[in-house]
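Trainee: Sharing a structure, written as structure tokens. Questions coming.
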There are 2 protein chains.
Amino acid sequence: MKKLINDPKNVVDEAVAGVALAHADLVTVVTDPIYIVRKDAPVAGKVALVSGGGSGHEPLHGGFVGYGMLDAAVPGPVFTSPTPDPILAATKAVDSGAGVLHIVKNYTGDVLNFETAADLAAADGIEVRTVVVDDDVAVKDSLYTAGRRGVAGTVLVEKIAGAAAQRGDSLDEVAEIATKVNSQVRSMGVALTPCVVPHAGEPSFTLAEDEIEIGIGIHGEPGRERIKIEPADAIVERILGPIVDDIPFASGDKVLLFVNGMGGTPQIELYITFRHAFEVLASKGIEVTRTLVGNYVTSLEMQGFSITVLKLDDELTELWDAPVQTAALRWGR
Amino acid sequence: MKKLINDPKNVVDEAVAGVALAHADLVTVVTDPIYIVRKDAPVAGKVALVSGGGSGHEPLHGGFVGYGMLDAAVPGPVFTSPTPDPILAATKAVDSGAGVLHIVKNYTGDVLNFETAADLAAADGIEVRTVVVDDDVAVKDSLYTAGRRGVAGTVLVEKIAGAAAQRGDSLDEVAEIATKVNSQVRSMGVALTPCVVPHAGEPSFTLAEDEIEIGIGIHGEPGRERIKIEPADAIVERILGPIVDDIPFASGDKVLLFVNGMGGTPQIELYITFRHAFEVLASKGIEVTRTLVGNYVTSLEMQGFSITVLKLDDELTELWDAPVQTAALRWGR
């Protein structure tokens, strides 16, 4: 295992210390317990958004804290949910009295810990709503999940709900928008290589030299099947098919197409897959009107990618286009 | 070799086709010969900036085409300079009569081909200036270079000179700013793993399981030495020392600190190295006033990173902060 780390025990502490130094204009990092909070939190009168989960998926979630997106992110240890304590502390730190939305990827640990934190916050008089994201069509009831997993679609939920909160929507309205995005977004991923959790020191699984895993989870948990590697276009078709069939997306739909890198895949390859995903959707009469390409929900140094498709309407498009200023997504302000 | 590609021969063509579809709001992709051009080029009265070089370093350079940065980028085959033809075509496409600045990384092939294109453009009545970037302190007269190599500092030259052109500076003034940035920026990199050029199909070099290369070039060309892997902080000190000593940077300097990922390194590790680089500079009285962290000048899927330090003054800081709208860098407009 070759990693740019010091002691595996300190990986998250040292990384968030780096985030604090690199993005002092956008965020404050609180330690003991650790969370990353928008510099100007709590924002008076605004519904606050809190997300979090195991580390190792950066820029998710800390890279999305800032104007127009998250108010706080709570990083757990690598691939391990944060406990209720820091989630509660972050929730208290960002609440301005307008209430807090928890955005939670559907993994058992995350769901339980956010639930506990929400109960404790409620006992302190903070109104909390929770939206659980479960966009991964690959499998149901996976290694760490009851139901579908929450993966790259989480970025779109956070951006669009964040814009709704920023324009002044109420807690119920922001929760409704987040729920709507989750209901209209579907994802699926592929791994070419495994990744190594620092404190484990060994790959979490193995793949043969000519093998890829279709439907991989963002912690390397098993997908649908292992196959011999194929040309990129064929791989795109394998994962885009189940995504399109699921809702289903249909001719005439306008969508946001998001190709996400798992961390170790060159950008040139992401654009090759984006190209074909766009073409396949076009051939079905599905119009790509918004796009996102890059490493946004990663699995450490895993090579691979995922495709996410979100059905848009005028409101979701307007919220997607709204200004955002975070370390990992920024435009238009 | 596992890659998300179809035919290795079509990697660049298919990737730029993806760029065209993903970023149609920002750029137009011209084929035969291939170049990526700002959507609204030529911009009346504005000096135009053209850069380029071998592909495989994305987002460099295509990801930096847009408002406030490059007017065109010319991607060659992977790790191979573009020929003069597409450079000339891009130069003609962006010239509004105010002249064109070529920003060239110091690699022999790039320097020769941009020079030929500049001569041909001049023969067509286009005024061209050229700035050669050579920020890498690791080695002189490397595998593909006479003198120092041009590496991650190129991003800072392109951003700052792009802002000068955008505010209306003349060709001489933009060239002067670019030259100044190059004179004040220094970089050095480290590789943990090699990368595989698609049409080669094999790693361009090998590193033992416990070995890293200090001073690596962005094509995997040799650096200063191979050592056993060390803690991240020790590696940071090894490459930051020669950077600081070179100009030298001194107590009281204000600098931009840029930690660049080589493509396959998790973001969490980049922030760990950023943290320590910031601390080391602070301990020397060097104040980090601007920051950049991420994969901006990559070597395909190579694991590793580089550190770049740019000495700032009020003018360079203002130009760095100026609005930019490109696929890979955007803020403030």
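Trainee: At a 10 Å Cβ-Cβ cut-off, how would you order A:Val29, B:Val133, fewest neighbours first?
Mentor: By the 10 Å Cβ count, ascending, the order reads A:Val29, B:Val133.
Trainee: Also, quick follow-up: Put a label point 7 Å from Cα along the Cβ direction on B:Glu211, then list its distances to the equivalent points in the other copies in nm, shortest first.
Mentor: 2.9
Trainee: Here's another thing I want to ask about it. Which residue fluctuates most in the GNM of chain B (Cα springs below 10 Å): B:Lys228, B:Lys159, B:Lys92?
Mentor: Of B:Lys228, B:Lys159, B:Lys92, the most mobile in the Gaussian network model is B:Lys228.
Trainee: Restricting things to alpha carbons, find the Rg to Rh ratio for the range B:83-170 using the Kirkwood radius for Rh.
Mentor: 1.00
Trainee: Dipole of the range A:58-198 (Lys/Arg Cβ +1, Asp/Glu Cβ -1, origin at the Cα centre): which of A:Gly63, A:Val111, A:Val74 lies farthest to the positive side?
Mentor: Checked the options; the winner is A:Gly63.
Trainee: With a/c under 1.5 counting as rounded, go ahead and sort the range B:157-253 into rounded, prolate or oblate using the C-alpha gyration tensor (a ≥ b ≥ c being the square roots of the eigenvalues; past the cut-off, prolate if a/b is larger than b/c, else oblate).
Mentor: oblate
Trainee: Here is a follow-up. Which value does Rg/Rh take for the range B:71-116 over its C-alpha atoms, Rh per Kirkwood?
Mentor: Reported Rg/Rh (Cα atoms, Kirkwood Rh): 0.95.
Trainee: Would you kindly derive the ³J(HN,Hα) couplings of the range A:322-330 from the backbone phi angles with the Karplus curve 6.51 cos²θ - 1.76 cosθ + 1.60 (θ = phi - 60°), listing them in order in whole Hz, with x for Gly and Pro?
Mentor: 4, x, 9, 9, 9, 4, 9, 9, 8
Trainee: Another question about this same structure. Could you list which residues have their amide H under 5 Å from that of A:Ala98, counting only those 5 or more apart in sequence or on another chain, with H placed in the peptide plane?
Mentor: Under 5 Å from the amide H of A:Ala98 lie the amide H atoms of A:Gly45, each far enough along the sequence or on another chain.
Trainee: Now a separate question. For A:Val288, what residues show an amide H to amide H distance below 5 Å, using hydrogens built from the backbone and excluding near sequence neighbours?
Mentor: Amide H neighbours of A:Val288: A:Val255.
Trainee: Let me ask you something else. Pick from A:Pro198, A:Pro231, A:Pro84: which is most flexible by mean-square fluctuation in a GNM of chain A where alpha carbon atoms under 10 Å apart are linked?
Mentor: Answer for the Gaussian network model of chain A: A:Pro231.
Trainee: Please compute the modelled spin-label separation between A:Asn10 and B:Asp321, points set 7 Å along Cα→Cβ, answer in nm with one decimal.
Mentor: Roughly 3.4 nm, to one decimal.
Trainee: In whole Hz, with x marking every Gly and Pro, tabulate ³J(HN,Hα) for the range B:104-116 from phi via Karplus 6.51 cos²θ - 1.76 cosθ + 1.60, θ = phi - 60°.
Mentor: 10, 6, 6, 10, 3, x, 4, 4, 5, 6, 5, 4, 4
Trainee: Let me ask you something else. In A, who owns the beta-carbon nearest the axis carrying A over to B, and how many Å from it?
Mentor: Residue nearest the A-to-B axis, with distance in whole Å: A:Gly264, 2.
Trainee: Still on this model: Considering only Cα-Cα distances, which of the following residue pairs are longer than 27 Å: A:Lys3/B:Lys2; A:Lys228/B:Lys9; A:Lys140/B:Lys9; A:Lys140/A:Lys180; A:Lys3/B:Lys3?
Mentor: Going by Cα-Cα distance, A:Lys140/B:Lys9 fall outside the 27 Å limit.
Trainee: Add -39500 (n - 2.57) for each DSSP H run of 4 or more in chain A, then divide by its residues: what number comes out at 222 nm, to the nearest 500 deg cm²/dmol?
Mentor: It lands at -10000 deg cm²/dmol.
Trainee: Shifting gears a bit: How large is the charge dipole for chain B, taken about the Cα centre, if only the Cβ atoms of Lys, Arg (+1) and Asp, Glu (-1) carry charge, to the nearest 20 debye?
Mentor: 380
Trainee: Shortest first and in nm with one decimal, please list how far the B:Glu127 label point sits from its counterparts in the other copies (point 7 Å along Cα→Cβ).
Mentor: 6.3
Trainee: Sticking with this one: Under 37 °C and 0.692 mPa s, how fast does the range B:21-93 diffuse according to Stokes-Einstein, given a Kirkwood radius computed over C-alpha pairs? Answer in µm²/s, whole number.
Mentor: 275
Trainee: Just A:Ser187, A:Ser55, A:Ser170 to compare: in a GNM of chain A, with alpha carbon springs under 10 Å, which one fluctuates most?
Mentor: Of the options given, A:Ser170 has the highest mean-square fluctuation.
Trainee: So, R0 is 60 Å and r is the distance between the beta-carbons of B:Glu173 and A:Ala282; what FRET efficiency does that work out to, to 0.05?
Mentor: So the FRET efficiency works out to roughly 0.85.
Trainee: If you take the beta carbon distance between B:Asp245 and A:Thr116 as r and set R0 to 60 Å, what does 1/(1 + (r/R0)^6) give as a FRET efficiency, to the nearest 0.05?
Mentor: Details: r = 52 Å, r/R0 = 0.87.
After rounding to 0.05, the efficiency reads 0.70.
Trainee: Tabulate in residue order the Karplus-calculated ³J(HN,Hα) for the range B:304-316, using 6.51 cos²θ - 1.76 cosθ + 1.60 with θ = phi - 60°, rounded to whole Hz; enter x for Gly and Pro.
Mentor: Each residue's phi maps through the Karplus curve to give x, 7, 9, 10, 10, 10, 10, 6, 9, 10, 4, 5, 5 Hz.
Trainee: Rounded to two decimals, what is the ratio between the C-alpha radius of gyration of the range B:11-183 and 2.2 N^0.38 Å?
Mentor: 0.93
Trainee: Further question on the same structure: List, shortest first and in nm to one decimal, how far the label point of A:Thr179 (7 Å from Cα along Cα→Cβ) is from its counterparts in the other copies.
Mentor: 6.5
Trainee: With each label point set 7 Å from Cα along the Cα-Cβ vector, what nm distance links B:Ser96 and A:Glu211?
Mentor: 5.7
Trainee: Give the calculated FRET efficiency between B:Glu225 and B:Asp141 to the nearest 0.05, with a Förster radius of 22 Å applied to their Cβ-Cβ distance.
Mentor: Numbers: r = 16 Å, r/R0 = 0.75.
After rounding, the FRET efficiency stands at 0.85.
Trainee: Determine, at each q value in 0.05, 0.06, 0.07, 0.08 (inverse angstroms), the log₁₀ of I(q)/I(0) that the Debye formula gives when each Cα of the protein assembly as shown is one equal point scatterer.
Mentor: Reported log10 I(q)/I(0), two decimals: -0.20, -0.30, -0.41, -0.54.
Trainee: For chain A, what does the alpha-carbon gyration tensor say about shape, rounded, prolate or oblate, given a ≥ b ≥ c as the root eigenvalues, a/c under 1.5 as rounded, and a/b over b/c as prolate?
Mentor: Because a/c hits 1.5 or more and a/b fails to exceed b/c, chain A counts as oblate.
Trainee: So for the range A:185-323, averaging the separation of alpha carbon pairs under 8 Å that are six or more residues apart and normalising by length, what relative contact order in percent results?
Mentor: Values: 277 pairs, mean separation 44.6, N = 139.
32 percent.
Trainee: Quick query: amide H of B:Gly263 versus all other amide H atoms, modeled in the peptide plane; which residues come in under 5 Å with a sequence gap of 5 or more or a different chain?
Mentor: Long-range HN contacts for B:Gly263: B:Ser299, B:Gly304.
Trainee: Could you give me D for the range A:185-323, from Stokes-Einstein at 10 °C and 1.306 mPa s, where the hydrodynamic radius is the Kirkwood radius over C-alpha pairs? Units µm² s⁻¹, please. Before the final figure, lay out each step's value.
Mentor: Working: Rh = 15.4 Å.
Once the numbers are plugged in, D ends up at 103 µm²/s.
Trainee: Taking other Cβ within 10 Å of each residue's Cβ, how do A:Phe278, B:Phe258 sort, fewest first? Let's see the in-between values first.
Mentor: Working: A:Phe278 22, B:Phe258 25.
In order of increasing Cβ crowding within 10 Å: A:Phe278, B:Phe258.
Trainee: Hey, another quick one. Could you list B:Val128, A:Val100 in order of exposure, starting from the residue whose Cβ has the fewest other Cβ atoms within 10 Å?
Mentor: B:Val128, A:Val100
Here, each number is a calculation from the coordinates, and none is a lab measurement. From a predicted model like this one, the values you see are computed outputs, not experimental measurements. For neighbour counting, all protein chains shown are included, and Cβ atoms are generated from backbone atoms with ideal geometry for every residue, glycine included.
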